[in-house]
Each structure stands twice: as C-alpha cells, then as structure tokens.
Amino acid sequence: MRVLTKDILSAAEEGKAEVEVSGWVHRIRELGGVVFVILRDRSGLAQLVLQEKPDFSLESVIAVKGTPALNEKAPGGAEIRVKEIRVLSRAAGDLPFQVNGDVSKTGLEAILDNRVLSLRNPKIRSIFKVQATIVEAFAEYLRKADFTEIKTSKLTAGSTEGGTNLFEVEYFGHKVYLAQSPQLYKEAMVASGLERVFEIAPVYRAEKHDTPRHLNEYVSLDLEIGFIESEKELIELEKGLLAHIFDEVARKNGKDLEAWNASVPSALAAEKAPTVSYDDALKIVNDEAANSKTKGSGAVSRIFDINPEAERLLSDWSLREHGVDLVFVNRFPRRYRPFYTYPLDTENSGADGGAPVTLTMSFDAIFRGLEITSGSRRQHDYSAVLETLPKFGLKPENMAGYLAVLKYGCPPHGGFAIGLERLTQKILGLSSVKEASLFPRDRKRVEP
Ligand code: AMO
C-alpha cells in the first residue's frame with residue numbers, strides 16, 4: 001500500500017507489515033554499517049533504514065517498500081525498515097544548490113539562480129503553500145459575498161496606472177502593452193451588470209527599480225464593486241477579507257508559519273486596524289520620526305510623502321496605538337492617484353499650508369511597513385472623465401472601449417487590488433518580495 005511520509009507513524013502504530021513510500025532523497029547518513037536515508041515527499045520527511053550502501057545520490061527519486069516501525073528519534077516518530085528499493089529517476093551528483101541546507105544562510109541570488117532546486121527546500125516551498133491559502137481564502141470570501149470571478153486580457157492598447165512603466169509588445173505590426181492592471185476591464189464588468197467581480201492574475205510593471213518591494217510581474221488580487229458611496233466601504237470590505245485570509249493561514253499553515261517563525265494578526269486585530277487621512281498620516285510619521293530622533297537615532301529630515309520610511313513609521317505607530325501593524329491611509333491628494341480616482345469636492349489647504357489640494361476617495365493599506373493595497377471609488381461620470389484624461393496625458397481616442405462603459409450607464413463603483421507577493425512577504429517576514437514569487441521577473445531575471 002502506497003502511503004505518504006506523514007502516515008508512516010499511524011501505519012507503524014497499526015502494525016502494518018508493509019507500506020510503500022516514494023519521494024526525493026533528502027539526506028543520506030551512514031552510521032555503524034547502517035544507512036539512514038531521509039526521504040522527502042509533499043507531506044514531509046521520513047527516515048528509511050537500509051542495510052546496504054545506496055547506489056543513488058541526493059535528490060534522486062525513489063520508491064521503497066518496507067516495514068513501518070516506531071522510532072522516537074526519526075522525523076515524525078517512525079521509520080521504514082526497507083526491503084525493496086526502486087530508483088525512479090537518478091539525480092546527477094553535481095547538485096548546484098544544497099537542497100537540504102539551512103536556507104536562512106543562503107543569499108537571495110543563489111536561491112533565485114537555482115530556483116528549480118531551491119523550491120525543493122521544504123522551508124522555501126512552504127512560502128507557496130501559504131500563498132496558495134491566501135489565494136484560496138481571497139476567492140472563497142468574495143464568492144460568499146456574491147462576487148463573480150473574471151479573467152481579462154493581459155494585452156492592452158494603453159496605460160491604466162500611469163504611462164512610464166509599460167512593457168511594449170509587438171502585435172501583428174503594431175505596438176500593444178502588457179496590462180499594468182485589470183483596472184478598466186474590472187470596471188467594465190461591474191457595468192456589465194455583474195456588479196461584483198474579482199480577478200486573480202499576473203500584471204506587468206516595467207519598473208526600473210531593483211528593490212525588495214518591486215517585481216516586474218506580480219499577481220494582482222483585484223476586486224471591483226458597484227453601488228458604493230465612498231472608499232470607506234472598500235476599507236471595511238478589505239478588513240473583513242484580510243481577517244479571513246489571516247484566519248485561514250493560521251488554520252491551514254501552522255507548520256509553514258513556524259518554519260519562518262512568523263504569525264498572522266488575529267481576525268479581531270485586523271478588524272480594528274485604524275484609518276487615517278493622508279494629511280494625518282504625514283503628521284503621525286513626522287511626529288514618530290521626531291520622537292525617534294529625540295531618542296538618539298540620528299538626524300531626521302521632514303517626510304513629505306508616504307514613502308517606504310513613512311510606511312514603516314505608520315506601521316510602528318499603529319502597532320503601538322492600536323495593537324495591529326495594519327493601517328489604512330485614505331484621502332490622497334489627486335496628484336498621487338490615477339485618472340480614474342473619484343475626487344472629493346472639498347479641498348484641503350495642502351499638507352504644509354500651501355496651495356489648495358484636491359483630495360480623492362482613495363486609500364492604501366499598509367501592513368508591517370509595506371503598502372499591500374491601493375483602491376478607490378472611481379469617477380463614473382462620462383464627461384468628467386473626458387475632461388480629466390488629457391490632464392493625465394491620456395488620449396480619449398485611445399480609450400474608446402472604456403469610455404463606452406461610462407457613456408452608457410455605469411453605477412458609482414470602486415475597488416482595490418492587493419499585491420499577492422507583498423502580502424505573502426509580509427505574512428512570513430521575508431526580506432524581499434522576490435522570495436514570494438515562484439519565478440520572479442526582475443530587470444536581470446527572465447530565467448528560469
Ligand atoms: P497599484 O498600482 O497601487 O494599484 O497596485 C496595487 C498593489 O499591487 C502591488 N504592487 C506591486 N507588487 C510588486 N511589485 C510591483 N512592482 C508592484 N506594484 C504594485 C502593491 C500595490 O498596493 N488598479 C489599481 C488598484 C485599484 O485601485 O483597484 C492598482 O493597480 O501591493
């Protein structure tokens with residue numbers, strides 16, 4: 001009977017005479033004439049006891065038959081005394097990556113250069129088990145709330161999020177672009193009458209930055225919803241959604257969290273995350289920075305924007321004041337948001353008492369010092385969008401499809417997008433977002 005390594009203990013306890021297991025050779029150790037092979041399969045590790053020297057090397061794929069026996073010293077509390085071995089695939093002896101090594105001591109470049117092998121390391125693979133739970137929980141929560149899942153084209157005629165970071169694609173003799181987001185399509189699907197939609201798909205940003213927070217291709221967890229009045233409803237929706245994701249990760253990925261010495265906020269804590277306006281957020285970060293200066297951590301210059309440093313300070317503040325390092329910032333000035341964002345009719349005096357600034361019904365979610373979400377209510381008024389496009393360097397004639405959505409009856413609507421790799425990174429405390437992408441694309445990496 002073929003079993004998984006995790007079931008060897010119960011097979012031993014039940015006194016089964018023989019089981020079969022198969023997997024990869026994780027480790028080989030010889031001790032006083034006996035050979036111990038640690039076998040790895042999708043469920044974990046198991047000890048095999050062999051009487052003869054093996055004729056296979058690490059990472060070979062084998063199937064063995066033998067008797068399960070209790071042994072407290074073996075991983076999982078049991079082992080298999082092997083009677084028969086079949087080598088299903090022999091691995092070459094010159095492994096370029098030590099799969100069974102301590103990856104916390106391995107540099108990111110080595111991990112990514114040897115991606116197909118580094119993904120065999122159980123700790124590294126656990127990142128993608130957590131990621132799978134996030135995706136599942138995101139979809140599950142929204143399906144229950146009557147959302148419909150959609151899949152939209154990743155080839156577009158133009159920009160949605162700002163013109164500079166587009167990848168061009170040669171398309172039958174003319175130029176098209178890889179989608180920066182499903183923004184305009186998800187809005188179209190709200191207006192199609194579905195009203196509530198979500199999409200889980202890769203998007204593309206030709207960012208030149210090589211930072212721990214940027215990928216050139218990432219998975220966007222997008223949603224869009226009709227008949228809202230302001231971004232505040234979206235923030236409430238995201239709190240419930242994140243609370244569910246955190247709960248599911250805690251329930252399903254206990255061992256994976258343990259491997260990274262990580263934990264998720266409780267659902268209750270996520271629901272209590274504060275919302276602060278952009279202006280208040282700037283005051284908070286400057287106060288926080290000034291306070292840390294008086295504690296002697298060096299000179300601090302004024303922060304004028306919610307930059308990475310500000311995101312970190314806001315998270316610290318939220319953890320201290322509200323018990324959760326998740327914070328929503330809303331009401332961003334117009335200049336920071338894309339053309340489709342709904343403006344507020346009130347103006348503030350400008351963060352530093354300068355010229356009046358138009359604010360928007362927009363928000364970001366910052367989790368553990370990193371922006372994981374952007375969202376907003378959208379401008380659904382056809383003539384207002386026509387007026388706005390040129391101010392953002394966009395040509396109405398290139399956006400006929402989108403404009404038709406607004407021209408022929410579109411409800412007030414809004415939505416947001418969570419970066420899947422960033423959320424995974426922050427749940428597990430990974431130092432770079434690239435670690436949370438199976439095959440990350442950055443400026444110098446399109447292989448493997
Ligand atoms: P935005 O451009 O802010 O908004 O992206 C939304 C979220 O996607 C993630 N993200 C990234 N992750 C990794 N690498 C990148 N280069 C990268 N860029 C963005 C972040 C970010 O918060 N259409 C809007 C969303 C909306 O309003 O519905 C949009 O795409 O987590």
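The values are calculated or read from the model by the stated rules, or taken from the named source; none is laboratory data. None of these values were measured; they are calculated from a predicted model. Neighbour counts are summed over all protein chains in view; Cβ atoms, including those assigned to glycine, are modelled from backbone coordinates with ideal geometry. The protein model used for the area step is the full one, side chains on, heavy atoms only, and it has no ligands, DNA or RNA in it. Shrake-Rupley method; radii C 1.70, N 1.55, O 1.52, S 1.80 Å.
Which three extents, in whole angstrom, do the alpha-carbon atoms of region 408-448 cover along their principal axes, largest first?
If we take the Cα atoms of region 408-448, the spans are 46, 25, 14 Å.
When the dipole is taken about the Cα centre of region 5-89, and only Lys, Arg (+1) and Asp, Glu (-1) are charged at their Cβ, what size is it in debye, to the nearest 20?
160
With the calculation restricted to Cα positions, what are the radius of gyration and Dmax of the chain in angstrom?
Here Rg and the maximum Cα pair distance are 26.2, 83 Å.
Among 180-191, 130-141, how do they line up by average Cβ neighbours within 10 Å per residue, starting with the highest?
Values: 180-191: 23.2, 130-141: 18.9.
So the order, starting with the most tightly packed, is 180-191, 130-141.
With N set to the number of residues, divide the alpha-carbon radius of gyration of region 336-435 by 2.2 N^0.38 Å and report two decimals.
The value comes to 1.34.
If I fit a long axis through the Cα atoms of helix 231-252 and take the longest principal axis of the Cα atoms of the chain, what angle between them do I get, 0 to 90°, rounded to 10?
For 231-252 against the chain, the angle is about 0 degrees.
Determine the principal axes of the Cα atoms in region 108-186, then give the extent along each, sorted from largest to smallest and rounded to whole angstroms.
45, 40, 23
Would you mind checking the radius of gyration and Dmax of region 1-147 based on alpha-carbon positions, in Å?
Here Rg and the maximum Cα pair distance are 17.9, 63 Å.
Given a cut-off of 25 Å, name the pairs among LYS105/LYS444; LYS144/LYS252; LYS239/LYS407 whose C-alpha atoms lie farther apart than that in the structure shown.
LYS239/LYS407
Place the peptides 408-418, 384-394, 268-278, 213-223 in order of packing, highest mean first, counting for every residue the other Cβ atoms within 10 Å and averaging per peptide.
213-223, 408-418, 268-278, 384-394
In Å and from the alpha-carbon atoms only, list the Rg and Dmax of region 194-346.
Every Cα atom of region 194-346 included, Rg and Dmax give 17.8, 55 Å.
Any idea how far apart ASP210 and HIS322 come out in nm if each label point goes 7 Å out from Cα toward Cβ?
Modelled inter-label distance: 3.6 nm.
At 1.4 Å probe size, put ASP381, ASP287 in order of accessible surface, largest to smallest.
Of ASP381, ASP287, the descending order of accessible area is ASP287, ASP381.
Summing -39500 (n - 2.57) over the DSSP H runs of n ≥ 4 in the chain and dividing by its residue number, what mean residue ellipticity at 222 nm do you reach, to the nearest 500 deg cm²/dmol?
It lands at -9000 deg cm²/dmol.
In whole angstrom, how far apart do the alpha carbon centroids of region 11-52 and region 204-271 sit?
The distance from the Cα centre of region 11-52 to that of region 204-271 comes to 39 Å.
Given a 1.4 Å probe and every protein chain left where it sits, what share in percent of the accessible area of region 5-89 is carbon and sulfur?
Values: 2190 of 4360 Å².
About 50 percent, which is the carbon plus sulfur part of the accessible surface.
Helix 278-294 against the longest principal axis of the chain: what's the angle in degrees, Cα atoms only, rounded to the nearest 10?
60
May I ask for the angle, rounded to the nearest 10°, between helix 308-322 and the longest principal axis of the chain, with both axes built from Cα atoms and the value confined to 0 to 90°?
80
Over the chain, average the accessible area per residue using a 1.4 Å probe and give it in Å², no decimals.
Normalised by residue count, the accessible surface of the chain is 47 Å².
How large is the convex hull of the Cα atoms of region 5-89 per residue, expressed in Å³ as a whole number?
78
When all alpha-carbon pairs of region 188-248 are counted, what percent fall beyond 19 Å?
51
Out of the trypsin sites (Lys or Arg not before Pro) in region 4-54, which ones are loop residues according to DSSP with at most 12 other C-beta atoms within 10 Å?
Hits after loop and neighbour filter: ARG42.
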